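A.B. asks: Below you'll find the structure I mean.
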Amino acid sequence: MRLLVASAALLALGIGVVAAQEATRTGPGAPELAEGKAVYAHWCAPCHANEPGLAGTMSLAVKYEGTDIPAVLEDRTDLSAPVITFFVRNGVAWMPPFRPTEISDTELEQLNAYLTAPLEDRGAHVPLLGEEMVELNARGEQ
Ligand code: HEC
């Protein structure tokens, strides 16, 4: 019985820790940002998600080492729409330029709205899509 109580207490503690971690960025994003979040999930998360070994996140971690600027694009509050637009249309280093046939001007506006919204409105991080994880695993990058 004592063991049972102890395990229940441990379990409760475990749940508490998980809840505390999620509380940093919780819940779904604002509904009006859903389209922009979906564009991000499809085109940007494969390199910029909060995962180890991704080209964008790794490069930006190096670029901003020692500063307060986060490596994960979705955590940035310093990017403006013109800056994001410039990088999306022109690319940089390993990042390809995206044509309007891939990301339309409307989608780019939605993406900009998402990436410049207050953090709490963006909701939690966009997870890497399952199939992208599988591809990364196959390439040995995860
Ligand atoms: C193929 C991987 C890849 C994809 C896909 C990608 N990026 Fe990048 N991105 C990078 C890399 C790598 C860098 C960092 C280059 C460097 O070292 O300066 C970068 C840099 C950036 C920067 C510059 C940030 C800074 O502070 O210097 C922005 C903004 C950006 N990406 C936005 C996006 C957006 C928005 C998308 C989706 C439309 C996207 N990226 C898709 C790889 C990618």
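No value in this document is a laboratory result; all are computed from the given coordinates. The shown structure was predicted, so the numbers you read here are calculated from the model rather than taken from an experiment. A quick note on method: Cβ atoms are made from the backbone with ideal geometry, for glycine too, and the neighbour counts reach across all protein chains shown.
A.B. asks: Would you mind computing Rg(Cα) / (2.2 N^0.38 Å) for the stretch 29-138, counting N as its residues? Show your work: numbers first, answer last.
C.D. replies: Numbers: Rg = 13.3 Å, N = 110, 2.2 N^0.38 = 13.1 Å.
Working it through for the stretch 29-138, the quotient is 1.01.
A.B. asks: Can I ask one more? Determine, for LYS63, LYS37, the number of other Cβ atoms within 10 Å of each Cβ, and report the residues in order from fewest to most. Let's see the in-between values first.
C.D. replies: Working: LYS63 11, LYS37 23.
Lowest to highest Cβ neighbour count: LYS63, LYS37.
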